[in-house]
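Peer 1: For reference, the structure I am asking about is given below.
Any read-out appearing in this document is the output of simple, stated calculations on the displayed coordinates, not a laboratory observation. As the structure is a prediction and not an experimental result, all values here were calculated from the model. A quick note on method: Cβ atoms are made from the backbone with ideal geometry, for glycine too, and the neighbour counts reach across all protein chains shown.
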Amino acid sequence: MKRESNWSDEAWGKIARKIARTSKRIGDGFPHASVEGSYRLEPASWWTAGFWPGLLWLVYRDTKDDSLRNIAESCEAQLDQVVMDYDRLDHDIGFMWSLTSVARYKLLGAEDAKRRGLLAANLLAGRFNLKGRYIRAWNPWSAGEDNSGWAIIDCMMNTAVLHWATEVTGDSRYRHVAVEHSDTVLSHFIREDGSVNHIVIFDPATGEKAGVNGGQGYAADSAWSRGTAWALYGMALAYRYTGEERYLQAAKRVAHFFIANLPEDSVPHWDFRLPEEVTKYRDSSAGACAASGLLLLARLVGALEAPLYRGAAERILHSLYINCGTWDREDEEGLILHGTSHFPEGKNIDVPLIYGDYFFVEGIAQLLGHEELFW
Ligand code: GLY
């Protein structure tokens, strides 16, 4: 690795030591949120299932510690059962298989991993609604619910597995789906000022836009910070894969909104538009995801523009390291504190989240010169 600055070098050492330790307790489970110091495990079908193995691959890439590789491979194998569980499969297929199978294929060239990644891409492409030009987010959460017209900003990250599938097969169908969905995001999700809608609802039969829903944000017209990060990073990835200027411009617009709305310590609040009476909890995961996306963006723009994005990413990661890091805490499995998973539902507020940890580690790895991403 290219060593750049003392603090990120030091952070990497702490990450590697802590992950070597926590991996012995977490093993091949699927952590999501850490409560009272211990990561709670979720079923393999939960959307976060890829982040722990993905994090292990990031560390393995540097340390070549086979015990981490074995755990990541075991997590990946467990996802096979999820493929048969149609009811629970949703657009998060991308998060789940990009950080398991695609990661292992990129790192080790394993053909079985490539096949799994392609199967995931096919399942995701199968969720595309031709009339509305969007990838359907979820299946019904309860009997009788019809959410077939719902699309969400998070899915921008998931389109990466489609671009990857076209790259490795030469079959452009996957990219067509990703491009159509991304263009829908440009027209219906990203607002003029660079903030984004979380959920846009379409009439699934006609494709007409039917409404907007605040989802995990405070309100339909607020600015959920993690959703903003998904848009920023997802658009940067869309540009990296396609070279289409409109995606780069969108990534920059969202980045400018994100950076302009950071508080003094650079750790975002869970929503950038909150009324006075609502507690401004932080969402460190939004910061980590945006920072890693900003580092990619810095590599995609010209030399004169890059320092803006790289500088912001470094400020966020450094603040997460100093203000949220758990390096000296043996009693905490999470790497970074102060994540907020779902404020409107009162779930996992002000706790470490596995995707926050993942993107923090991915961001530090990028700072240290690892340019290959699993996305
Ligand atoms: N993709 C769900 C979330 O960001 O919480």
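Peer 1: Apply the Karplus parameterisation 6.51 cos²θ - 1.76 cosθ + 1.60, with θ equal to phi minus 60°, to every residue of the range 261-273 and state each ³J(HN,Hα) to the nearest whole Hz, in sequence, with x for glycine and proline.
Peer 2: Going residue by residue, I get 9, 6, x, 4, 8, 6, 9, x, 6, 5, 9, 7, 10 Hz, with x marking Gly and Pro.
Peer 1: Listed here are the pairs 14/114; 280/347; 131/209; 18/64; 18/114; 64/106; which of them are more than 21 Å apart at the Cα?
Peer 2: Working: 14/114 32 Å; 280/347 15 Å; 131/209 11 Å; 18/64 15 Å; 18/114 30 Å; 64/106 15 Å.
From 14/114; 280/347; 131/209; 18/64; 18/114; 64/106, over 21 Å: 14/114; 18/114.
Peer 1: In whole Hz, what ³J(HN,Hα) sequence does the range 53-59 give by Karplus (6.51, -1.76, 1.60; θ = phi - 60°), x for Gly and Pro?
Peer 2: Rounded to whole hertz, the list is x, x, 5, 5, 5, 4, 6.
Peer 1: While we're looking at this one, here's another question. I'd like the distance separating the alpha-carbon centroids of the range 16-66 and the range 196-264, in whole Å.
Peer 2: Measuring centre to centre over Cα atoms gives 28 Å.
Peer 1: Among the trypsin sites (Lys or Arg not before Pro) in the range 7-81, which ones are in a DSSP loop with at most 16 other Cβ atoms within 10 Å of the Cβ? Mind listing them?
Peer 2: Answer by residue number: 64.
Peer 1: Could you give each residue of the range 128-145 its phi-based ³J(HN,Hα) in whole Hz, using Karplus coefficients 6.51, -1.76, 1.60 with θ = phi - 60°, and x for Gly or Pro?
Peer 2: Each residue's phi maps through the Karplus curve to give 6, 9, 5, 5, x, 6, 9, 8, 5, 6, 10, 8, x, 7, 9, 4, x, 5 Hz.
Peer 1: Still on this structure, I have one more. Can you tell me the dipole magnitude for the chain around its Cα centre, using point charges on the Cβ only (Lys, Arg +1; Asp, Glu -1), in Debye to the nearest 20? The partial results should precede the final answer.
Peer 2: Numbers: 39 positive and 51 negative charges, 160 e Å.
Once rounded to the nearest 20, the dipole reads 760 debye.
Peer 1: Quick one: which residues, 5 or more positions from residue 210 or on another chain, have an amide H under 5 Å from its amide H? H modelled 1.01 Å from N in the peptide plane, none for Pro or chain starts.
Peer 2: 201, 202, 203
Peer 1: Okay, next question. Counting only residues 5 or more places away or on other chains, whose amide H sits under 5 Å from the amide H of residue 347 once H atoms are built in the peptide plane?
Peer 2: Hits under the 5 Å cutoff: 342.
Peer 1: Loop by DSSP (not H, G, I, E, B), at most 13 other beta-carbon atoms within 10 Å: where is the longest site-free stretch of the chain for GluC sites (Glu not before Pro)?
Peer 2: On the way: sites that count: 4, 36, 145, 192, 208, 264, 276, 277, 305, 330, 345, 371, 372.
Of all site-free stretches, the longest is 37-144.
Peer 1: Same structure again: Could you tell me how far the Cα centroid of the range 97-169 sits from the Cα centroid of the range 306-332, in Å?
Peer 2: For the range 306-332 versus the range 97-169, the Cα centre distance is 30 Å.
Peer 1: Shifting gears a bit: When only Cα pairs under 8 Å and 6 or more residues apart are kept, what is the percent relative contact order across the chain?
Peer 2: After rounding, I find 18 percent.
Peer 1: Helix-only mean residue ellipticity at 222 nm, the chain, DSSP H runs n ≥ 4 weighted -39,500 (n - 2.57), per residue, nearest 500. What is it?
Peer 2: Details: 14 runs with 187 residues, N = 375.
About -16000 deg cm²/dmol.
Peer 1: Tell me the trypsin sites (Lys or Arg not before Pro) within the range 84-177 that lie in a loop according to DSSP and have at most 16 other beta-carbon atoms within 10 Å. Don't skip to the answer; put the middle values down first.
Peer 2: Numbers: sites: 88, 104, 106, 114, 115, 116, 127, 131, 133, 136, 173, 175; in loops: 127, 131, 133, 136.
When the trypsin sites (Lys or Arg not before Pro) of the range 84-177 are filtered for loop state and at most 16 Cβ neighbours within 10 Å, 131 remain.
Peer 1: If contacts are Cα pairs under 8 angstrom and at least 6 residues apart, what is the relative contact order of the range 258-326 in percent? Walk me through the numbers on the way to the answer.
Peer 2: Working: 66 pairs, mean separation 21.5, N = 69.
Rounded, it is 31 percent for the range 258-326.
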